[in-house]
Amino acid sequence: CARAFTGWTIANGIPGQPYGRYSSQFVYNPDDHDDGEKTFLGHTGNFNGEDIIDIIVKEPATARFISRHMYNYFVADEAQVPSWMDTPPRDPDTIKMLEDEYFRSNYNIRSMLRVLFNSDAFKNARFARIKGPIETVIGTLRLVGDWSAPKPGFEAIFEEMKHMGQEILNPPSVEGWHTGKEWIDGGTLLRRINFIADYVGDVSYPGIQDIVQKLVAEGPTMTPEGLVEGCLRLLGHYEVADETRQNLVEHAQKSGDLSTDTREFPKHVATMLQLIVATKEYLYA
């Protein structure tokens, strides 16, 4: 396989300086190409790199690999990639549907996505994926309305992703990151919760002020149950277990019914948001 790609390179080498500019334009040097006969996946011929790609895309294993990645990214957590040879898909029917579309559309990814997004599996999937660190951090910043443009402290955001287990643009291997439950351990979970709680607990952010104002618009008073339901809804219509909901309500009941026009009301909202983002249900998307 490697012989078929001989002669493929870029316009010039990466410079020694860490931040130097370099061209990434593709260049083919025919004088460096191996023109000998090659055998790959049962096919023999004088292959070049494009021939190898053509062979790979026709393999059923390629269709399944792409389909399972799509399902894992958009629908629900799959088993980790190294176990795919031995572990069947979580939803074989949907995977088969995507595989069929892969070949029907002549390997068109857009067409596969259209089929996936119109499928019952996608429409019915709610909170079946554990959010990755990048998704968690960016989602939090969008929720609170911060970081509309780069500003001092921007690099600290990337450090947060790294401490949660996902250094942006730097996966641990060519396999990528392990997803799902492997995002979570004692250290990364604590880092994740603290990061989100610090943001949603700050009522100076426009996104949190917007949540408060929407709750205020629901009436002059708010019951503990109403506070819990309102915060769950405005965070993204989160569904929590009965036990989790009861714990949240019991905490809210300590303050009783709340007047929404008081200075203390935003603080009660922020506290409830912090409690919700610390639940196991909030890990999911």
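The values are calculated or read from the model by the stated rules, or taken from the named source; none is laboratory data. Note that the structure is predicted; figures quoted are calculated from it, not measured. Note that each Cβ is placed from the backbone with ideal geometry, even for glycine, and that neighbours are counted across all protein chains shown.
Restricting THR244, THR262, THR271 to residues that are of a type in the set (S, T, N, Q), in the same structural domain as ASN194 (by TED's automatic domain parsing) and touching a residue at least 40 places away in the same chain (Cβ under 8 Å) narrows the list to THR271.
Filtering segment 193-209 for residues that are assigned by TED's automatic domain parsing to the domain that holds GLU264, assigned to a loop (DSSP other than H, G, I, E, B), in contact with an Asp or Glu (Cβ under 8 Å, 6 or more places away or on another chain) and not polar (S, T, N, Q) leaves a non-empty set. Inside segment 233-254, residues that are assigned to a loop (DSSP other than H, G, I, E, B) and more than 23 Å from LYS214 (Cα to Cα) make up a count of 1. Looking only at segment 41-61, filter to residues that are part of a helix (DSSP H, G or I) and without any contact (Cβ under 8 Å) to a residue 24 or more places away in the chain; which one of those is farthest from TYR28 (Cα to Cα)? Taking the candidates together, the pick is ALA61. Would you confirm whether any residue within segment 74-92 is at pLDDT 95 or above, within 20 Å of the chain's Cα centre (by Cα), among the hydrophobic types (A, V, I, L, M, F, W, C) and not in a loop (DSSP other than H, G, I, E, B)? Within segment 74-92 (the criterion being at pLDDT 95 or above, within 20 Å of the chain's Cα centre (by Cα), among the hydrophobic types (A, V, I, L, M, F, W, C) and not in a loop (DSSP other than H, G, I, E, B)), the answer is yes, since at least one residue qualifies.
Out of segment 23-39, which residues are outside any loop (DSSP other than H, G, I, E, B), out of contact with any helix residue (DSSP H, G or I) (no Cβ under 6 Å at 6 or more places or on another chain) and within 16 Å of TRP8 (Cβ to Cβ)? Listed by number, the residues that qualify are PHE26, VAL27, TYR28, PRO30, ASP31, ASP32. Residue pairs whose Cβ atoms lie under 7 Å apart, sitting 6 or more positions apart in sequence or on different chains, and linking a residue in segment 172-194 that is farther than 19 Å from LEU275 by Cα to a partner that is of a type in the set (A, V, I, L, M), are GLU175/VAL81; GLY180/ILE130; LYS181/ILE130; TRP183/ILE130.
Of all residues in segment 142-157, which are part of a helix (DSSP H, G or I) and either in contact with a His (Cβ under 7 Å, 6 or more places away or on another chain) or buried (at least 16 other Cβ atoms within 10 Å of the Cβ) (or both)? Scanning segment 142-157 gives LEU143, VAL144, ILE157.
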